[in-house]
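Participant: Structure below; questions to follow.
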Amino acid sequence: MRDRYYDNTRIQEYRSCPRKFFFRHVVDWRGDGWSAPLVFGSSWHAAMDAIWPMLTKPNRGSGSKSQFDREEVVATGYTAFVDEWIEGGATHPDEMDPDEIKRLGQRTPFVAHEMLYEYIIQREEQMKEFTLLEVELPFAVPLDPEDKDLLYVGRLDKVFEYRGDIIVGEHKTTSLYSKASGFRNTFIDQFSPNSQVDGYLHALHMLYGDKAKSVWIDGALVHKTVHDCYIWIPIERRTSALSAWLWETRNWISQIEANYVVLDDKSPEGDFDIRDAAYLPAFPKNTSTCQDFARNCPYIDLCKAWPNPIGKDTPMGFVKETWSPFERLELDKIGLENPDA
């Protein structure tokens, strides 16, 4: 049974290019190897998961600085960073040679270590006022009251209370540096409008009601020499804006499911097999997104080679890996059942 748990990753992949969605989420192909930006980002998340409980109430409290061991917090965060770094396929920092360090540029554990010191220095006073409610909270909220099986799922990095408001903290790293202001405007502006942020706000309101306030983007600059550049980007939405997001999300999902219907279609006489079609009449290519930030889509050669990729073996340079929102988001923790079980 095909699940109807839709996360932002799936929806955004489809919006970018339906054929890209097909390759990644229908036949489950992803490029072999690892991505330094992705692994660094997930490792920074792991570090934040480790240190936020140490920086916020009730563990931190409102006591004096003498009760706060900054070195211990940095060490805890760095250990979590390195563990995730290795889990993501990268080399242990003790085993990295100068050539690899140079190739990775600013995205190394050594830069992350310096960043952790500066992050704590900048944030420790304000975060004493945060009451941390949840870390990596999975959620599944309805998208349509008349369709109980259709759920929007995700995971909130942090949920905390600050001066009576319930807020989502969302960690983001970037290398988009500006000498004038630290962060380039292109980084700051990308979060409004932003479907992921709007989805978090929808979930936050469903979970916490009137106390739900906003999403705070916890931006961190990743730079070889500038290690003290951090920013809060608060995002709020009117009810009408979230209603628009809800309609748009259901609209994209209806398109995805209509394409699945084509894949599942069989002729009544049994004389039609979509694998024999000259081209795939579903999940069309969006050729305006074959290049992104001057980089080719990882599936571009497959699109050139196969008008109909149904039934093809996993090509060289790719591995078969199912993107399962249920498993990645650990939705069993909130009582959902795995449709693949």
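Participant: Taking PRO298 as the residue in question, decide whether it is open to solvent by 30 Å² or more (accessible area, probe 1.4 Å), closer than 30 Å to GLN196 by Cα and in contact with a Gly (Cβ under 7 Å, 6 or more places away or on another chain). Give the derivation first.
Facilitator: Numbers: open to solvent by 30 Å² or more (accessible area, probe 1.4 Å): yes; closer than 30 Å to GLN196 by Cα: yes; in contact with a Gly (Cβ under 7 Å, 6 or more places away or on another chain): yes.
Yes: the conditions hold for PRO298.
Participant: Restricted to the range 54-66, and to residues that are surrounded by fewer than 19 Cβ atoms within 10 Å (Cβ to Cβ) and outside any helix (DSSP H, G or I), which residue is modelled with the lowest pLDDT?
Facilitator: SER64
Participant: If you don't mind, another one. Residues in the range 250-260: is at least one more than 24 Å from ASP198 (Cβ to Cβ) and open to solvent by 80 Å² or more (accessible area, probe 1.4 Å)? Steps first, please.
Facilitator: Here is the first cut: in the range 250-260, the residues more than 24 Å from ASP198 (Cβ to Cβ) are 260.
Right, trim to open to solvent by 80 Å² or more (accessible area, probe 1.4 Å) and you get none.
Within the range 250-260 (the criterion being more than 24 Å from ASP198 (Cβ to Cβ) and open to solvent by 80 Å² or more (accessible area, probe 1.4 Å)), the answer is no, since none of the residues qualifies.
Participant: Condition first: charged (D, E, K, R) and part of a helix (DSSP H, G or I). Now tell me which residues in the range 12-53 satisfy that. Outline the logic, then answer.
Facilitator: Going through the range 12-53, the residues charged (D, E, K, R) turn out to be 13, 15, 19-20, 24, 28, 30, 32, 49.
If the condition is that a residue be charged (D, E, K, R) and part of a helix (DSSP H, G or I), then GLU13, ARG15, ARG19, LYS20, ARG24, ASP49 are the ones that fit.
Participant: Of everything in the range 198-226 that's of a type in the set (A, V, I, L, M) and within 23 Å of GLN122 (Cα to Cα), which residue is surrounded by the most Cβ atoms within 10 Å (Cβ to Cβ)? Steps first, please.
Facilitator: Taking the range 198-226 first, the residues of a type in the set (A, V, I, L, M) are 201, 203-204, 206-207, 212, 215, 217, 220-222, 226.
Among the residues that remain, those that are also within 23 Å of GLN122 (Cα to Cα) are: 215, 217, 220-222, 226.
On the way: VAL215: 27, ILE217: 22, ALA220: 23, LEU221: 23, VAL222: 23, VAL226: 16.
Among those that are of a type in the set (A, V, I, L, M) and within 23 Å of GLN122 (Cα to Cα), it is VAL215.
Participant: So for the range 220-235 (the condition being in a helix (DSSP H, G or I), touching a helix residue (DSSP H, G or I) at 6+ places or on another chain (Cβ under 8 Å) and under 24 Å from ALA50 (Cα atoms)), does at least one residue qualify?
Facilitator: Quick first cut of the range 220-235, residues in a helix (DSSP H, G or I) only: none.
There is no residue in the range 220-235 that is in a helix (DSSP H, G or I), touching a helix residue (DSSP H, G or I) at 6+ places or on another chain (Cβ under 8 Å) and under 24 Å from ALA50 (Cα atoms).
Participant: Another question, if that's okay. If ALA278 meets every condition in (1) part of a helix (DSSP H, G or I); (2) without any contact (Cβ under 8 Å) to a residue 40 or more places away in the chain apart from one, which number is that one?
Facilitator: Result: ALA278 passes all but (1).
Participant: Then there's this: Pull up the range 151-193, narrow it to residues that are of a type in the set (Asp, Glu) and part of a strand (DSSP E or B), then point me to the one that is surrounded by the fewest Cβ atoms within 10 Å (Cβ to Cβ).
Facilitator: Here is the first cut: in the range 151-193, the ones of a type in the set (Asp, Glu) are 157, 161, 165, 170, 189.
Now narrow it down to the ones that are part of a strand (DSSP E or B): 157, 161, 165, 170.
Details: ASP157: 21, GLU161: 18, ASP165: 12, GLU170: 21.
Residue satisfying both the conditions and the ranking: ASP165.
Participant: If you don't mind, another one. Answer with yes or no whether ASP99 is open to solvent by 60 Å² or more (accessible area, probe 1.4 Å), of a type outside the set (Phe, Trp, Tyr), over 28 Å from LEU156 (Cβ atoms) and touching a strand residue (DSSP E or B) at 6+ places or on another chain (Cβ under 9 Å).
Facilitator: Values: open to solvent by 60 Å² or more (accessible area, probe 1.4 Å): yes; of a type outside the set (Phe, Trp, Tyr): yes; over 28 Å from LEU156 (Cβ atoms): yes; touching a strand residue (DSSP E or B) at 6+ places or on another chain (Cβ under 9 Å): no.
No: the conditions fail for ASP99.
Participant: Cβ-Cβ under 6 Å, sequence separation 6+ or interchain: first residue in the range 238-265 and more than 22 Å from VAL153 (Cβ to Cβ), partner open to solvent by less than 50 Å² (accessible area, probe 1.4 Å). Which pairs?
Facilitator: Partner pairs satisfying both residue conditions: VAL262/ALA282; LEU263/ALA282.
Participant: Working only within the range 171-187, note down all residues that are closer than 24 Å to VAL39 by Cβ and out of contact with any helix residue (DSSP H, G or I) (no Cβ under 7 Å at 6 or more places or on another chain).
Facilitator: Within the range 171-187, the first condition is being closer than 24 Å to VAL39 by Cβ, and the residues that meet it are 171-177, 182-184, 186-187.
The answer is LYS172, SER175, TYR177, GLY182, PHE183, ARG184, THR186, PHE187.
Participant: Could I ask something else about it? I need the full set of residues from the range 301-332 which are of a type in the set (Lys, Arg), within 30 Å of LEU151 (Cα to Cα) and surrounded by 11 or more Cβ atoms within 10 Å (Cβ to Cβ), in order please. Full working, then the answer.
Facilitator: Residues of the range 301-332 of a type in the set (Lys, Arg): 304, 312, 320, 328.
Remaining after also requiring within 30 Å of LEU151 (Cα to Cα): 320, 328.
Within the range 301-332, ARG328 is the sole residue that qualifies.
Participant: For residues that are in a helix (DSSP H, G or I) and of a type in the set (Phe, Trp, Tyr), scanning just the range 117-138, find the one that is least open to solvent (accessible area, probe 1.4 Å). I'd like the intermediate steps shown before the answer.
Facilitator: Residues of the range 117-138 that are in a helix (DSSP H, G or I), as a first pass: 117-127.
If we keep only those that are of a type in the set (Phe, Trp, Tyr) too, we end up with 117, 119.
Numbers: TYR117: 58, TYR119: 1 Å².
Ranking the candidates gives TYR119 first.
Participant: Scanning for something polar (S, T, N, Q) and modelled with pLDDT under 95, does the range 34-41 turn up at least one residue? Let's see the steps before the verdict.
Facilitator: Our first condition is that a residue be polar (S, T, N, Q); within the range 34-41, this holds for 35.
Checking which are modelled with pLDDT under 95 leaves us with 35.
Yes - at least one qualifying residue is present in the range 34-41.
Participant: If you don't mind, another one. Please go through (1) touching a Leu at 6+ places or on another chain (Cβ under 8 Å); (2) surrounded by fewer than 17 Cβ atoms within 10 Å (Cβ to Cβ); (3) more than 23 Å from LEU242 (Cα to Cα) for VAL141 and return the number of the only condition it doesn't satisfy.
Facilitator: That leaves (3) as the condition not met.
Participant: Ok, one more. Output the qualifying pairs, or none if there are none: Cβ atoms under 9 angstrom, residues six or more apart or on different chains, first residue in the range 287-303 and closer than 14 Å to GLY31 by Cα and at pLDDT 95 or above, second residue in a loop (DSSP other than H, G, I, E, B) and among the polar types (S, T, N, Q).
Facilitator: Correct list of pairs: empty, since none qualify.
Participant: Working carefully through the options ARG275, ARG237, find the one that is more than 30 Å from ALA36 (Cα to Cα) and surrounded by 12 or more Cβ atoms within 10 Å (Cβ to Cβ).
Facilitator: On the way: ARG275 fails: surrounded by 12 or more Cβ atoms within 10 Å (Cβ to Cβ).
Within the list ARG275, ARG237, the selection yields ARG237.
Participant: Further, regarding this structure: Filter the range 220-242 for residues that are under 16 Å from VAL111 (Cβ atoms) and not aliphatic (A, V, I, L, M) and give the result. It would help to see each step written out before you state the result.
Facilitator: Within the range 220-242, the first condition is being under 16 Å from VAL111 (Cβ atoms), and the residues that meet it are 220-230.
Passing the criteria: HIS223, LYS224, THR225, HIS227, ASP228, CYS229, TYR230.
The values are calculated or read from the model by the stated rules, or taken from the named source; none is laboratory data. As the structure is a prediction and not an experimental result, all values here were calculated from the model. Note that each Cβ is placed from the backbone with ideal geometry, even for glycine, and that neighbours are counted across all protein chains shown. Only protein heavy atoms, including side chains, enter the accessible area calculation; ligands, DNA and RNA are left aside. Shrake-Rupley method; radii C 1.70, N 1.55, O 1.52, S 1.80 Å.
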